[in-house]
1. As I understand it, the dipole of segment 1-155 uses +1 on the Cβ of Lys and Arg and -1 on the Cβ of Asp and Glu, about the Cα centre. Which of Pro80, Pro45, Leu146 lies farthest toward its positive end?
2. How tilted is helix 34-43 with respect to the longest principal axis of the chain? Cα atoms for both, answer in degrees (0 to 90, nearest 10).
3. R0 = 35 Å: FRET efficiency of Leu7 with Leu71, Cβ-based, nearest 0.05?
4. Nearest 10 degrees is fine. How inclined is helix 54-64 to the longest principal axis of the chain, computing both from alpha carbons?
5. For the chain, which whole-number percentage of the solvent-accessible area (1.4 Å probe, protein heavy atoms only) is attributable to carbon and sulfur atoms?
6. Could you give the size of the charge dipole of the chain about its Cα centre, using +1 on the Cβ of each K and R and -1 on the Cβ of each D and E, expressed in debye and rounded to the nearest 20?
7. List the residues, sorted by chain then number, that are 5 or more residues from Tyr206 or on another chain and whose placed amide H is less than 5 Å from its amide H.
8. Cα-based count: Lys pairs in the chain below 29 Å, eight or more positions apart or different chains?
Amino acid sequence: NPLKLYLDVEKDFDAIREKAEDLLWPANQDETRWADAADRYAEQPGMPWLPPRGLDHLRMIAINRGLWEDLGNGYVTKKPKPKRTGVQVSLITGPDDQGFVRLRINAVNGGPTPLIFYAEDSDVSERSLLLTDTELRTNALRVAFLVKDPTGRYETGDPYVWTNRLTLRNRLVEHSGQRFVELFVAPRGEIRYTLDGSEPRHGIPYDGPIAIGDGETLVRAFASADGLETKEDFRFGERGRKEVKIIAERPARLVHRAQMKLDSRAKTFEGLQLAGERRVTFENVTLTVGQGAQVINVIIGEIEVDAAFLTRLLTQLTEKFAPDAP
């Protein structure tokens, strides 16, 4: 007494951890390279004996309980900084014609059973609605999220506010031989427009279909709602003209209504090469390499990235796995 050999690391965790923190860390330092700690364990006579891989088992338990932290660079600290809850929000689909989107919501530092509160177009608190799924369909201008860890391990962080995007659309109709343009904004907002090519921000308030003549017409539209803004130019050719007239070249935004998935390495890298040649950029990307517990997930939200960036990132991820890993 005291024991020299501990066969059950979890049962005697507190005693073993105390010895490890005293003998395996350099003096007056909270961080150590784990490979150095393993070397000290083999050389330090004051350290108790553990079963095979017992030191790694001790490390795993301490990290899972929040007593140690893996810093991700080969180092482990015995005094981790307090972590606060947060949330990751990524766009799955939308907005559609009514401004509805589908969002994927993941809690960060929320413990095993995080509580995610949300509020549409208002402030969020622990009295707000509780999210019951990992996805949310909404056409709110803004959605505020608040994550709480019911175990109390993580401090409740600040609310996160996700912001929707206004979308302007049009429809050309005819009544009694007269052409009219109808304008729509989703989810909602005030629309102004001009027909003379001037800035539409200070144009005519839209209150119904706009009469246009038989010639080529440019309708410039501006929409705003609660601090959000968008602007579009709509061109209409001469009445009866069927051929396509290219006015100007500009980047196009392609919105896929369902999740697009590339599920093989060859297909993925081939697609990224083609995207690079076409100067395509991406938002809301999920990269997954591996399966089961042996997996790496990377989520890129509403940040514009190019194909070269995704190729470099995916190449680094795949280096951690066998060539046949999915």
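1. Farthest towards the positive pole: Pro45.
2. The angle comes out near 10 degrees.
3. On the way: r = 30 Å, r/R0 = 0.85.
That gives a FRET efficiency of 0.70.
4. 40
5. Details: 10120 of 20780 Å².
The computed percentage sits at 49.
6. Taking the Cα centre of the chain as origin, the dipole is about 460 debye.
7. Counting only residues 5 or more places away or on other chains, the set is Ile191, Arg192, Tyr193.
8. Close lysine pairs found across the chain: 24.
The values are calculated or read from the model by the stated rules, or taken from the named source; none is laboratory data. Nothing here was measured: the structure is a model prediction, and the numbers come from that model. Because the Cβ atoms are built from the backbone with ideal geometry, glycine has one as well, and the counts that use them run over all protein chains shown. Each accessible area value is taken on the protein alone, full model and side chains, heavy atoms only, with ligands, DNA and RNA left out. Shrake-Rupley method; radii C 1.70, N 1.55, O 1.52, S 1.80 Å.
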